[in-house]
Amino acid sequence: MKLMVTTNPNTYPCSEQVLVKPLTVHIGAEIHGVDLTKPLSSLEVTAIRTALLRWKVIFFRQQYLTHTQHIEFARQFGDPTAGHVVFGGDSEYPELYPVTKHRTSLAARPSATRVWTDWHTDVTAAVNPPFASILRAVVVPPYGGDTQWLNMVAAYETLSAPMQTFLGTLRTVHRFKRATDGDNADDYNEMVDSNPIEAEHPMVTVHPETGEKALFTNQEFAKSIVGLTSKESKFLLEYLWEHCIRPEFIVRFRWKEGSIAFWDNRTTQHQAVRDVFDTEFDREFYRVTLNGTIPVGVDGRLSKKLSGEPIKAI
């Protein structure tokens, strides 16, 4: 049977049909009609990857995967890395990174003080940031603890032509920032300092599969713009971070047990909403990260490693 990919929400999915149901105009879609506990057909893999490139983040419901099935699902789309380049991973499953409510990397973050706080693209301090991540919900609070994603292609495309041209000439230094407060700040800083990772990236990147141009900046890692004064750099970065979080660029996902989110790290930022920390609810997720390539700017120049080693597949 020929595989069908449709955006008709009334179409009934069958074993050889992938249903793509968009959630907003610019980003996010639910995928139905596939069983991720089993190996996918080549047509299903193609359909899912096509949906990922189109919608930037895709979601699956009622997919109760084991750790092994999660890793094997991810391998159909790329090469997994260690759970986290700095914070490690699961002792038994090195490809998995446990995303729990009180993990060190979250506990060491400063209080949310600006509208762009916590928005980030994963590990852009590395010269080859991850291509994608796949996050699986195991223990979910009854309410709260949502995650948001935004479309960095749309953010770029809504800038004026002169601003697009100017940004295309710029490069930004990305690094892990040291924690200044938080219960585990000392432990966090010790891990970051022991493995210093820093890279220089184009401010605008060209997607290696679609050719789309995307802003490549985030408050978690972008430190300074090369060649600008510190004041110029600060104001331009903050302007861009605020521009990116316009509501029309964002999808907010309500998790349930068995939910899976699969996002293109090259064209998105994401943010875990902090309201769950105001509750006693538990939250336990697991993430597999897929290895990426070195970004390229609109001028054809590649990102440059400043310190640390590139992320490697395992």
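The values are calculated or read from the model by the stated rules, or taken from the named source; none is laboratory data. The structure displayed is predicted, hence computed values, not measured ones. Note: ideal-geometry Cβ built from the backbone for every residue, glycine included; neighbour counts use all protein chains shown. The area values use the complete protein model at the heavy-atom level, side chains included, leaving out ligands, DNA and RNA. Shrake-Rupley method; radii C 1.70, N 1.55, O 1.52, S 1.80 Å.
Here are a few things to note about the model shown:
- Top-ranked residue in segment 90-117 [being surrounded by fewer than 19 Cβ atoms within 10 Å (Cβ to Cβ) and among the acidic types (Asp, Glu); ranked as modelled with the lowest pLDDT]: Asp90
- Which listed residue is of a type outside the set (Lys, Arg) and either under 27 Å from Ala29 (Cα atoms) or out of contact with any strand residue (DSSP E or B) (no Cβ under 6 Å at 6 or more places or on another chain) (or both), from Val127, Val139: Val139
- Qualifying residue in segment 290-298 (condition: surrounded by 22 or more Cβ atoms within 10 Å (Cβ to Cβ), closer than 24 Å to Arg171 by Cβ and either in contact with a Lys or Arg (Cβ under 9 Å, 6 or more places away or on another chain) or among the β-branched types (Val, Ile, Thr) (or both)): yes
- Residues satisfying the stated conditions in segment 47-70, i.e. over 20 Å from Pro80 (Cβ atoms) and either β-branched (Val, Ile, Thr) or without any contact (Cβ under 8 Å) to a residue 12 or more places away in the chain (or both): Thr50
- Note on segment 164-176: residues that are assigned to a helix (DSSP H, G or I) and surrounded by fewer than 15 Cβ atoms within 10 Å (Cβ to Cβ) amount to 2.
- Flag if Gly258 is in a loop (DSSP other than H, G, I, E, B) and buried (at least 18 other Cβ atoms within 10 Å of the Cβ): no
- Taking the criterion of being surrounded by 14 or more Cβ atoms within 10 Å (Cβ to Cβ), outside any strand (DSSP E or B) and at pLDDT 95 or above, the residues of segment 1-36 that qualify are Leu23, Thr24, His26, Ile27, Gly28, Gly33, Val34, Leu36.
- Any chance Arg252 is farther than 20 Å from Phe216 by Cβ, touching a residue at least 40 places away in the same chain (Cβ under 8 Å), in contact with a Pro (Cβ under 9 Å, 6 or more places away or on another chain) and not in a helix (DSSP H, G or I): no
- Some residue of segment 124-133 being without any contact (Cβ under 8 Å) to a residue 40 or more places away in the chain, assigned to a loop (DSSP other than H, G, I, E, B) and not polar (S, T, N, Q): no
- Residues of segment 61-82 satisfying the condition of being surrounded by fewer than 22 Cβ atoms within 10 Å (Cβ to Cβ) and either in a strand (DSSP E or B) or not polar (S, T, N, Q) (or both): Arg61, Tyr64, Leu65, His67, Ile71, Glu72, Arg75, Phe77, Gly78, Asp79, Ala82
- When Ala179 is tested against (1) open to solvent by less than 20 Å² (accessible area, probe 1.4 Å); (2) out of contact with any Phe, Trp or Tyr (no Cβ under 9 Å at 6 or more places or on another chain); (3) part of a loop (DSSP other than H, G, I, E, B); (4) modelled with pLDDT under 95, only condition (2) is not met.
- Ser224 satisfies every condition listed in (1) of a type in the set (Ser, Thr, Tyr); (2) assigned to a loop (DSSP other than H, G, I, E, B); (3) open to solvent by 10 Å² or more (accessible area, probe 1.4 Å) except (2).
- Looking at Thr217, Thr205, just one residue is modelled with pLDDT of 95 or more and part of a loop (DSSP other than H, G, I, E, B), and that residue is Thr217.
- For Tyr239, the criteria (1) under 25 Å from Phe60 (Cα atoms); (2) outside any loop (DSSP other than H, G, I, E, B) hold in every case but one, which is (1).
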